[in-house]
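Asker: This is the structure I want to talk about, given as structure tokens.
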Amino acid sequence: MADTLKSDATVSEGLDRRRFLTWVMASPTLMIAARLGLDVPEAEAAKPPEGATTALSLYLAVQTDGRIVTTLPRTEMGQGITTAVAMLVAEELDMALDRVDVRSADADPRWAIQLTGLSSTMRFLTGPLRAAAAEARARLVTAAALRWRVLAHTLTTAHGVVSAPDGRRAGYGELAEDAARVLLPAVSSQPRPVSRFKLVGQPTGRIDARDIVTGATRYALDLDIPEALPTVVARPPTLRGTVQSVDDASARTMPGVVAVVPLGTGVAVVARTFGQALAARAALRITWTPGPASALSDADIRTRLRDSIGPRPLPPLFTTRTLEGRFDFPYLAHATMETQSCLARVQGGQAEVWLGAQDPKYAQREVARALGWELTPWRVTVHITRAGGGFGRRFFTEAAVEAALVSRAIGRPVKLMWSRDDDMRHGHFRPASHHRILAYLGPGGRVLGWHHRAAIPTVEFPHGFGDAITALAGEVLPEVTSAVFFALSQKLPYGFGWVSHELRDVAIPIPTASFRSVFTSQVGVSNEVFVDELARELQVDPVALRRERLTSNRLKAVLDKVATEGQWGRSLPPGVAQGVAVLEEWDSAIAHLIEVDVTGGTPRVLRIVIAADVGLPINPKGIEAQLQGAAVDAMSTTLSAGIHIDAGTVREGSFADYRWMRMKHVPSDIQVHLVRSDDRVGGVGELGYPSAAAALTNAIARARGSMPTRFPILDEGV
Amino acid sequence: MAAHQFILNGQTVSVEAPEDLSLLWVLRDVLGVTGPKYGCGVGVCGACTSHLDGEAFRPCIHPVGGLSGREVVTIEGLGAQGLHPVQQAWMDEDVAQCGFCQPGQIMAAVALLKKNAQPSDADIDAAMSDNVCRCGTYVRIRAAIKRAALLLRSGAGGG
């Protein structure tokens, strides 16, 4: 890629003061690439960026039909990033939202960070997107000025058209080729100030809604790759068990069966239809070697976690009383609606795979490694499709490895699908955990310290955090990455004196992965539940305690908002109570107020009131959707959904026993109030989970008069 | 292997398939109709929900054998003449997130509204609680069903 020119842009007015580099990519029509320019000294600003092509953040292309195609190293899994990105592009370029397309890039080492997670997409890409789109606009205007021989600053843009005062008009499509050859923009390429936004910040429907409601959306297995054969894999009863021997005589003779292919992880069956592949899979007779966790059940795991907590540390000076809370969290399956799936075509020393992966470069490495191509990973092309949910599960790409191996073995393309029980029983799980929280009280109810020690099986981050260095650390030293992530992510937003969070990393041979909110889904939740216990001990109102001790004004603002909107303290019948909790993470702040009724057998959530400060809310409608969805996740895992391990086997095999919330469990009232502070773009994807889980638990504690300490709560009786 | 003839989205189709092959795989793997999704294969998640003779059903547990002459409608056949009011309501309420369960949710909602033009919250709970949405869009599904009910009563279309 020959890069001809660049300029730099600083997105200012406090939203993001970082510098972004933009440059024109060699192309017949205008293409602008952008990346973070933090590491580039100002003196270099006039020269083409050294190595810029290896650190791309995104690029956009103006097509001759006037459409703008934005290519991102990110994956749409339902979180709405394509809509938010299109809104930013349409805003800077003064064009209609439906003229902007957003695509996920193939795996490519040129992308600086090609990973969808850590609530990072809009935090990281808003700046480069605005810079690239503003640069494109400046060049389109300049191209029109040169064509019409008028002063560029007299021209205006609207609806994807450049207009001159004399009435001449040219669409972006007509200018796309000329704009690619503009040497220097003659008008400012600064992004416009937030105060002039017309579209960004307005509640906007998803750009992919029509395809979804008409069934036209294509997930990996819906793609039309000619002759791709349905494939399923027989898997061991225990986690990470292996094949000892296989008798496939009867399976091979069943209707529609094309091939039986032994794999390390199981035995693949290829057939004309998935129905036939599944029937033949059931007819395989396999002797399995039990996996490494086959001696472990829930009770053993809980004991090992509890035993790792160790003795209490010495309390701070002047401690008069120590409160102790203990909490147990279960393993969780991500249970995405679209099970793990991948299409693969391996032929002639090249491989192509199609899947919805959260880390395409990891998928590429893993497939290359499985095929024995570690040194030539570029022989593997990874196409990113839309994913039917991710939540952390799609950092792992076993389906791609299996599909590639089977395709190579039979010399034909395959579409490989995990059945629901495969997906549930052979997942990478949010690990179980045990927590001990010690709150140290001094004279007069002062809180002198807060000591939280969490025993959590190592969370596997082999994919790292999107760049090569952490990926290497994740693979070589998994517990280091897990501990580093823990240390970076866990904070307590209260003035509680000496605060300490410690991770006891426990080696348990059950596959793990990050899950929406990662460690905060346990540490952050139990902290907020124990803050309520502290309030009970001190005999103060939990909202009043938080107001007094919170160290963040943003948190105080969202707490006040839910207390007002949710009418905190209003009179409720016996057995019905309110609970609150807060969280500041990913540069955003949130509070939940939840009302629950415990008079029936199962706690029933009546109402959820959410207030969030996510900085500039790019698409309030999408943010509201994420927060509503995260609240349902929190309800599910707090009340009823958890994974049980019986001698190395996962008990739950479908949504019949993994009791995720259904329509009848979810209140019709989940209000979201956005408290705006337009000086930043905060993360949203994971924000809505922890304080929802804690507020629900706190409401149940207040309704019942005792604090739940084991999740899911319906397991208490087990 | 027998030939099975049935009506799919208004067209008569004839497929060669074993009697016991479930309709989901006939639709997806033989006919290339991919709107109905695989979510569980055992009738507990509702991702494949479609209509058989106008009633919601689960193609994943329905063998193709018993379909002769019957009428199957999938999400692809719903808005043949433009968007069905339920689809429109789904867009207006911006229901979908990952979208994978939504064809099934929409087909279940259309079947509900056919029988009950003005469903209460309890009716919606009863009719929709066998369709899982892992993204947690239930609040908006409920709102979209109510909106669609209004659209249908005001004569904005049929189905």
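Read the figures in this text as sums done on the coordinates, not as results from a lab. Everything numeric in this text was worked out from a predicted model, so none of it was measured. Note: ideal-geometry Cβ built from the backbone for every residue, glycine included; neighbour counts use all protein chains shown.
Asker: Check A:Val681: other-chain or 5+ apart residues with amide H under 5 Å from its amide H, H built from backbone geometry?
Answerer: A:Leu616
Asker: For the pair A:Leu183/A:Asp679, report the inter-label distance in nm, with labels modelled 7 Å from Cα in the Cβ direction.
Answerer: In this crude spin-label approximation the distance works out to 4.2 nm.
Asker: If you wrap the range B:1-158's Cα atoms in a convex hull and average its projection over all directions, what's the area in nm²?
Answerer: Values: hull surface 34.3 nm².
Orientation-averaged projected area of the Cα hull: 8.6 nm².
Asker: Take the Cβ-Cβ distance between A:Asp300 and A:Ser245 as r, set R0 to 25 Å, and report the resulting FRET efficiency rounded to the nearest 0.05. Don't skip to the end; give the middle numbers.
Answerer: Numbers: r = 29 Å, r/R0 = 1.16.
Result of the calculation: an efficiency of 0.30.
Asker: Only Lys, Arg, Asp and Glu count, each charged at its Cβ (+1, +1, -1, -1), so figure out the dipole size of the protein assembly as shown about its Cα centre, rounded to 20 debye.
Answerer: 820 debye
Asker: Please report the spacing between the Cα centers of the range B:109-158 and the range A:598-626 in Å, no decimals.
Answerer: Centre-to-centre (Cα) distance: 21 Å.
Asker: I've got another one for you. Return the percentage of antiparallel bridges among DSSP beta bridges fully within the protein assembly as shown, rounded to the nearest 5 %.
Answerer: 75 percent
Asker: Which order do A:Leu263, A:Leu639, A:Leu416 fall in if you start with the one that has the fewest other Cβ atoms within 10 Å? Intermediate results must be reported in sequence, preceding the final value.
Answerer: Numbers: A:Leu263 17, A:Leu639 26, A:Leu416 32.
With the sparsest Cβ surroundings first, the list reads A:Leu263, A:Leu639, A:Leu416.
Asker: Just how large is the dipole of the range B:2-78 about the Cα centre, in debye to the nearest 20, putting +1 at every Lys and Arg Cβ and -1 at every Asp and Glu Cβ?
Answerer: Roughly 200 debye for the range B:2-78.
Asker: With θ set to phi - 60° and the Karplus curve 6.51 cos²θ - 1.76 cosθ + 1.60, what are the ³J(HN,Hα) couplings of the range A:323-328 in order, to the nearest whole Hz, using x for Gly and Pro?
Answerer: Running phi through 6.51 cos²θ - 1.76 cosθ + 1.60 with θ = phi - 60° gives 8, 10, x, 10, 9, 10 Hz.
Asker: Residues of the range A:299-326 with backbone nitrogen within less than 11 Å of a virtual label 7 Å along the Cα-to-Cβ line of A:Glu548, please, listed as ranges.
Answerer: Output list for this probe position: empty.
Asker: In the protein assembly as shown, with Lys and Arg counted as +1 and Asp and Glu as -1 at Cβ, which of these residues, A:Thr564, A:Ile510, A:Leu140, has the Cα nearest the positive end of the dipole, that is, farthest along it?
Answerer: Selected residue: A:Thr564.
Asker: Can you tell me how much longer the chain between A:Thr376 and A:Arg252 gets when fully stretched, taken as 0.36 nm per residue apart minus their C-alpha distance, in nm with one decimal?
Answerer: Values: separation 124, 0.36 × 124 = 44.64 nm, distance 3.51 nm.
Length gained, A:Thr376 through A:Arg252: 41.1 nm.
Asker: To continue, here is another question. What's the longest piece of chain A with no exposed GluC sites (Glu not before Pro), counting a site as exposed if DSSP puts it in a loop and it has at most 11 other beta carbons within 10 Å? If you can, show how the numbers build up before the last one.
Answerer: On the way: sites that count: A:Glu50, A:Glu227, A:Glu374, A:Glu716.
Answer from the scan: A:375-715.
Asker: Taking each pair of distinct Cα atoms in the range B:2-78 once, what is the resulting Kirkwood hydrodynamic radius in Å?
Answerer: The Cα-based Kirkwood calculation yields 12.0 Å.
Asker: Compute the length gained on full extension between A:Ala216 and A:Trp148: take 0.36 nm times their separation in residues and subtract their Cα-Cα distance, giving the result in nm to one decimal.
Answerer: Gain in length upon complete extension: 20.2 nm.
Asker: Could you give the length gained on full extension between A:Thr289 and A:Val69, defined as 0.36 nm per residue of separation minus the Cα-Cα distance, in nm?
Answerer: This chain segment gains 74.2 nm when fully extended.
Asker: For the protein assembly as shown, just the Cα set please: Rg and Dmax, both in angstrom.
Answerer: For the protein assembly as shown, the Cα-based Rg and Dmax read 27.7, 85 Å.
Asker: For the residues A:Met663, A:Met122, what sequence is obtained by ranking on other C-beta atoms within 10 Å, fewest first?
Answerer: Numbers: A:Met663 25, A:Met122 28.
The most exposed by this proxy come first: A:Met663, A:Met122.
Asker: According to a simple spin-label model (label point 7 Å from Cα along Cα-to-Cβ), what is the distance in nm between B:Ser154 and A:Val540?
Answerer: Label-label distance for A:Val540 and B:Ser154, simple model: 5.2 nm.
Asker: If amide hydrogens are placed 1.01 Å from N in the peptide plane, which non-local residues have theirs closer than 5 Å to the one on A:Leu263?
Answerer: Result for A:Leu263 returns A:Ala268.
Asker: For A:Gly566, what residues show an amide H to amide H distance below 5 Å, using hydrogens built from the backbone and excluding near sequence neighbours?
Answerer: none
Asker: What helices does chain B hold that run 15 Å or longer along their axis, going by alpha-carbon atoms, with a Kyte-Doolittle average of -1.0 or more, using DSSP H for the helix calls?
Answerer: Span-like helices, by this rule, are B:102-115, B:138-153.
Asker: Just to check I understand the Karplus step: with θ = phi - 60° and J = 6.51 cos²θ - 1.76 cosθ + 1.60, what whole-Hz values come out for the range A:335-346, glycine and proline as x?
Answerer: Per-residue couplings from phi come out as 6, 4, 4, 7, 5, 4, 8, 7, 9, 9, 9, 10 Hz.
Asker: Just to confirm the filter: which trypsin sites (Lys or Arg not before Pro) across the range A:124-225 are DSSP coil and have at most 12 other Cβ within 10 angstrom of their Cβ? Please report the intermediate quantities before stating the final value.
Answerer: Working: sites: A:Arg130, A:Arg137, A:Arg139, A:Arg147, A:Arg149, A:Arg168, A:Arg169, A:Arg181, A:Arg196, A:Lys198, A:Arg206, A:Arg210, A:Arg218; in loops: A:Arg149, A:Arg168, A:Arg181, A:Lys198, A:Arg206, A:Arg218.
Here the trypsin sites (Lys or Arg not before Pro) that fit, given the DSSP loop and packing criteria, are A:Arg149, A:Lys198.
Asker: Please grab the % of Cα pairs in the range A:272-381 that end up more than 19 Å from each other.
Answerer: Here the tail beyond 19 Å accounts for 74 percent of pairs.
Asker: Regarding the range A:218-296, what are the three Cα extents along the principal axes, ordered largest first, in Å?
Answerer: Ordered largest first, the range A:218-296 gives principal extents of 44, 31, 16 Å.
Asker: Let me ask another. Tell me, what HN-Hα J-couplings in whole Hz come from the Karplus equation 6.51 cos²θ - 1.76 cosθ + 1.60 at θ = phi - 60° for each residue of the range B:18-31, using x for Gly and Pro?
Answerer: Ordered by residue, 3J(HN,Hα) equals x, 3, 8, 5, 6, 4, 4, 7, 5, 5, 6, 8, 9, 9 Hz.
Asker: I would also like to ask the following. Under a point spin-label approximation (7 Å from Cα along Cα-to-Cβ), what is the A:Thr156-A:Ala647 distance to one decimal in nm?
Answerer: Modelled inter-label distance: 7.8 nm.
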